[in-house]
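The values are calculated or read from the model by the stated rules, or taken from the named source; none is laboratory data. Not measured: the values here are computed from a predicted model. With ideal geometry, Cβ positions are generated from the backbone for all residues, glycine too; neighbour counts draw on all protein chains shown.
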Amino acid sequence: MDRLPETRDREAVEVMTRAFAEDPFFNFLERDAARRASVIEAVMSSSLVMARRQDAAHGIVDGAVRGVCLWYEAGRYPTPALATLAARARAMAGVALRGHFGPRVAARALRAGTLLDEAHPKDEPYFYLQVLAVRHDLQGQGLGSRMLTACAAQADAAGRPAVLETSKPANRRLYERFGFRVVETNVIDSSPAIWTMRRDPRPVS
């Protein structure tokens with residue numbers, strides 16, 4: 001897993017947007033596929049901007065962006081709450097004003113982000129896997145596991161826990177294989193469950 005070059009940001013957002021096209025929570029936010037893509041793009045664009053500020057943008061780049069991993073080192077996330085909320089709000093409002101989706105969708109997305117942040121550990125530094133995405137046509141070839149292996153090794157070496165969220169059962173099973181376990185379940189209105197998962201560090205041999 002490498003640092004993601006800034007020159008590949010547009011491509012990285014495209015990879016993340018396509019990878020999350022069938023995510024259960026995003027499907028709840030917006031049923032229409034075209035408008036849903038706009039919602040996801042807004043979320044991923046703002047997430048990448050925040051990750052850049054904390055040197056948390058990683059991925060697999062081999063001629064093209066094959067995978068994206070927004071992975072915050074222990075103590076680097078959350079960014080200051082007001083700054084985080086402002087960045088998300090600007091991204092969502094910008095797309096909403098262009099008529100891609102309504103204010104209710106934007107409000108739900110912002111509520112979800114705030115609620116999930118509240119489920120993070122309060123009394124210890126932790127690594128945070130905000131986004132893990134593999135290019136759509138390369139999924140199932142082990143690229144996600146490759147990035148997860150690198151993340152787990154770094155957390156183990158530092159002796160710190162790691163946290164992530166997912167609403168996709170298949171992804172939950174993948175993360176469980178890497179030692180993550182569900183520590184909290186959240187629902188926004190009638191949305192699918194969003195699981196906050198934690199992985200405690202393992203001894204380094």
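A few comments on the model shown:
- Single residue of the range 149-195 satisfying the filter (among the polar types (S, T, N, Q) and touching an Asp or Glu at 6+ places or on another chain (Cβ under 8 Å)) that is modelled with the highest pLDDT: Q154
- Candidates D137, D156, D123 - the one that is farther than 26 Å from T17 by Cβ, without any contact (Cβ under 8 Å) to a residue 24 or more places away in the chain and not in a strand (DSSP E or B): D123
- Qualifying helices (runs of 4 or more DSSP H) (wholly inside the range 1-67; at least 3 residues being among the aliphatic types (A, V, I, L, M)): 9-19, 33-53
- Hits in the range 35-52 (condition: touching a Phe, Trp or Tyr at 6+ places or on another chain (Cβ under 6 Å) and surrounded by 24 or more Cβ atoms within 10 Å (Cβ to Cβ)): V39
- Taking the range 184-205 as the range and being touching a residue at least 40 places away in the same chain (Cβ under 8 Å) and surrounded by fewer than 14 Cβ atoms within 10 Å (Cβ to Cβ) as the test, the residues that pass are D189, S190, R202, P203, V204.
- Some residue of the range 85-94 being modelled with pLDDT of 90 or more and surrounded by fewer than 20 Cβ atoms within 10 Å (Cβ to Cβ): no
- Positions within the range 118-143 being in contact with a helix residue (DSSP H, G or I) (Cβ under 7 Å, 6 or more places away or on another chain) and either basic (K, R) or crowded, with 16+ Cβ neighbours inside 10 Å (or both), in sequence order: F127, L129, Q130, V131, L132, A133, V134, R135
- If the condition is being of a type in the set (A, V, I, L, M, F, W, C), out of contact with any strand residue (DSSP E or B) (no Cβ under 6 Å at 6 or more places or on another chain) and in contact (Cβ under 8 Å) with a residue 60 or more places away in the chain, then the range 8-20 contributes only F20.
- Condition check for R198: at pLDDT 95 or above, of a type outside the set (D, E) and either over 15 Å from E73 (Cα atoms) or not in a strand (DSSP E or B) (or both): no
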